[in-house]
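None of the figures in this text is laboratory data; all of them are computed from the coordinates on show. Since the model is a prediction, treat every value here as computed from it, not as a measurement. For neighbour counting, all protein chains shown are included, and Cβ atoms are generated from backbone atoms with ideal geometry for every residue, glycine included.
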Amino acid sequence: MSIATYAPLPRRKAPISLPRIVTYAVLIGGAAIMIYPLLWMLMSSIKSDQEIFSNPAALPNDIDLSNYFTGWFATNPSFTQYYINSFMICLGAVIGNVLACSLTAYAFARLEFPFKRTLFTIMLLTLMLPSHVLLIPQYVMFARLGWVNTYLPLIVPKFLATDAFFIFLMVQFIRRIPRELDEAATIDGCSTFRIFTSIIFPLLQPALITTIIFTFIWTYNDFFSQLIYLTSPESLTVPVGLRTLVDSSGGAYGQLLAMSALSLIPTFVVFLIFQRRLVEGIATSGLKG
C-alpha cells in the first residue's frame, strides 16, 4: 500500500495595495532625506575646497584623501590625543553608570527603607530638570575642589548615580525578575549584596548593555560639558577638537568634513554591534512581571 504524497500548495502573494505603496514611498523618501547630509559629507570630504563649492551636490571628479591626513595633524595635539581622551572619559562614565545605577536600581526595586517612594519620585523629577540649570552651581563646586581642567567632573558624578534615566530603566527590568529567586538565595544564606552580585546583576545584561551604549554615545558626543570643564589643549576631546579645527584650519572645509566623518565611526560601530541588544533591553525593560 503506497502512501500518497502531497506537494505543498504554493504561497499566495499578498496583493500590493495602494496604501502599502504610499507607505513604502514615504519611508524611502524619509530615509533618503535623513541619509543625504551624511552622504554629502562623505563625498565632500574627498574633494578639494574649490570643488566643494563648485560642485557641492555632485560626485567628486578626483578622489583626494589628503583631507584626512592633513586634518588629522592640523591641530596641536593631533586627533590621536583627542580620541584617547574621549575614550578615557567614555570608559570611566560607562563603568560609573553600570555600577552606581544598577546598585541604586536594585535598592529601589527590592529593598525597603524609609521614604522610598518619595525618593524615587524625586529621582524621576530630575529627568525634567534642564542640565543648564545646574551648570553654575556645579561649576562653582568643581572649581572649589580644584577639578576644573581634569576629567573628574565628567566621570565622578557617574559613580554617584546621577543619571536617573538608567536607574528607572533598570528598576523596571529588575521588577520583572521573579522574587522567588531572591527568596531561594536568602534560604541558602546569601546576603543582600550577594543576591545582587550573583543573581540580579547577571540577569540585568540587556538593561546593562542598553546603559553602556547610551552612556558611550552621549558621553562621546557631549560638547557642552567638555567645553566648560576642559581648558588645556592636551585634555580636549573629539567634539571640542573639531571646534578647535574650525578655528585653526582657516576655512579648510575639506579637512573639517573629513574629521567630522571620522568622528562618527565610533558611534556607528557601537550601535551596529549592539543594535539587537539595544532594542531588546529597551523593550524588555518596559515590561513588569
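Side notes on the structure shown:
- MRE, 222 nm, helices only [DSSP H, n ≥ 4, -39500 (n - 2.57), over the chain, to nearest 500]: -20000 deg cm²/dmol
- Panel order for 64, 222, 163, by other beta carbons found within 10 Å of each beta carbon, from fewest to most: 64, 222, 163.
- In the chain the longest region clear of chymotrypsin sites (Phe, Trp or Tyr not before Pro) that are loop-assigned by DSSP and have at most 10 other C-beta atoms within 10 Å covers 116-289.
- Exposure proxy shown here: for 101, 90, 190, the number of other Cβ atoms within 10 Å sets the order, fewest to most, as 190, 90, 101.
- Between the listed residues 270, 57, 28, the Cα displaced farthest toward the positive end of the dipole of the chain, a dipole computed from Cβ unit charges relative to the Cα centre, is found at 28.
- For the chain, the percent of C-alpha pairs falling in each 5 Å distance bin, counted from 0 to the bin holding the largest distance, reads 1, 5, 9, 11, 12, 11, 11, 10, 9, 7, 6, 4, 2, 1, 1, 0, 0, 0, 0.
- Average Cα contact separation per residue, the chain, under 8 Å, 6 or more apart, as relative contact order %: 31 percent
- Note on segment 18-64: Cα convex hull, mean projected area over all directions, 3.8 nm².
- Taking 242, 203 and counting other C-beta atoms within 10 Å, the order from fewest to most: 203, 242
- Dipole in debye (nearest 20) - the chain, about Cα centre, beta carbon charges: Lys, Arg +1; Asp, Glu -1: 1160 debye
- For residue 273 and residue 24, the FRET efficiency from 1/(1 + (r/R0)^6), where r spans their Cβ atoms and R0 equals 45 Å, is about 0.95.
- Against the empirical curve 2.2 N^0.38 Å, the C-alpha radius of gyration of segment 141-186 lands at a ratio of 1.85.
- Each residue of segment 141-155 was assigned a 3J(HN,Hα) from its phi angle through the Karplus curve 6.51 cos²θ - 1.76 cosθ + 1.60 (θ = phi - 60°); the sequence is 5, 5, 5, 5, 7, x, 9, 5, 6, 10, 8, 4, x, 8, 10 Hz, with glycine and proline shown as x.
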